[in-house]
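Here you go, one structure.
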Amino acid sequence: MLATRALNLIGKRAISTAVCLRGSHGVAKVESYTLPSYYDSRETPLPDVGFVQNLSTEQQSLKEKEKGSWAALSNEEKLALYRISFEQSFAEMNKGSSEWKTVIGGVLIFVGFTGFVVAWQRKFVYGPVPRTFEREYKEKELQRLLDMRSNPVQGLASMWDYEKKEWKK
C-alpha cells in the first residue's frame, strides 16, 4: 500500500513537472532536443522536418518563387530548393562508402600486432618445447600403456592384439 502511494506521487510529480512554465506569463519552453530531427534514410524517404531550418534571405526568396510556376524555375533553382528540404538524393544515399577499407585495415593491423606478440612470446617468454612432445617419447609412452594393459575392456588395450603385436581392425 505504501509503495503504491509512493509510486502514485512520483508519477504525478513527473507528469506535473514535465512542462516547465517560464515566469508568470505561462510560456512553455520547448527544448531543441524534443523536436524531431532531420536524418536521411532509405526506409523513410520523407523526414519530419526539412534539412535547412534557418533559411537565408536568398533561400527565402527562392521559397517565395517556388509558390509560383515551376516552369519559370531554372534547374539550378530547382536543385537549390531540393537541397533546402533534403541533404542527399536516393542515388547519394545508395552510393557505397569506402568504410570497409578502414575496417579491413584495422583488422589486419590488429592481426599483425597479435602475430608479433605471439612471435615475441615464443622467443622470449616460453621455454624450450618439453621432451614429452617428441615422437620417440610418445612411442615409448604408448608401448608402456600397452604393456600395462590399461583399460582392457573399452580403452586402448582393447584395440591392441597382443598375440599378433598389431592394432585390431
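Please verify whether Ser97 is among the hydroxyl-bearing types (Ser, Thr, Tyr) and assigned to a loop (DSSP other than H, G, I, E, B), treating the condition exactly as stated.
Numbers: among the hydroxyl-bearing types (Ser, Thr, Tyr): yes; assigned to a loop (DSSP other than H, G, I, E, B): yes.
Here the answer is yes, as Ser97 does meet what is asked.
Kindly indicate whether Leu146 is surrounded by 10 or more Cβ atoms within 10 Å (Cβ to Cβ), modelled with pLDDT under 95 and in a helix (DSSP H, G or I). Can you show your working first?
On the way: surrounded by 10 or more Cβ atoms within 10 Å (Cβ to Cβ): yes; modelled with pLDDT under 95: yes; in a helix (DSSP H, G or I): yes.
Yes: the conditions hold for Leu146.
Mind listing whichever residues of segment 56-102 are among the aliphatic types (A, V, I, L, M) and either surrounded by 10 or more Cβ atoms within 10 Å (Cβ to Cβ) or touching a helix residue (DSSP H, G or I) at 6+ places or on another chain (Cβ under 8 Å) (or both)? If you could, list the steps in order and put the result at the bottom.
As a first pass, look at segment 56-102 and keep what is among the aliphatic types (A, V, I, L, M): 62, 71-73, 79-81, 84, 91, 93.
Correct list: Leu62, Ala72, Leu73, Leu79, Ala80, Leu81, Ile84, Met93.
Further question on the same structure: Restricting to segment 55-75, count the residues that are within 42 Å of the chain's Cα centre (by Cα) and more than 26 Å from Ala91 (Cα to Cα).
Of the residues in segment 55-75, 4 are within 42 Å of the chain's Cα centre (by Cα) and more than 26 Å from Ala91 (Cα to Cα).
Let me ask something else about it. Among all residue pairs at least 6 apart or on different chains, which show Cβ distances below 6 Å where the first residue, located in segment 66-90, is in contact (Cβ under 8 Å) with a residue 24 or more places away in the chain and the second is of a type in the set (Gly, Ala, Ser) and surrounded by 14 or more Cβ atoms within 10 Å (Cβ to Cβ)?
Going by the 6 Å Cβ cut-off, there are no qualifying pairs.
The values are calculated or read from the model by the stated rules, or taken from the named source; none is laboratory data. Only a predicted model underlies this, so the values are computations on that prediction, with no experimental measurement involved. Note: ideal-geometry Cβ built from the backbone for every residue, glycine included; neighbour counts use all protein chains shown.
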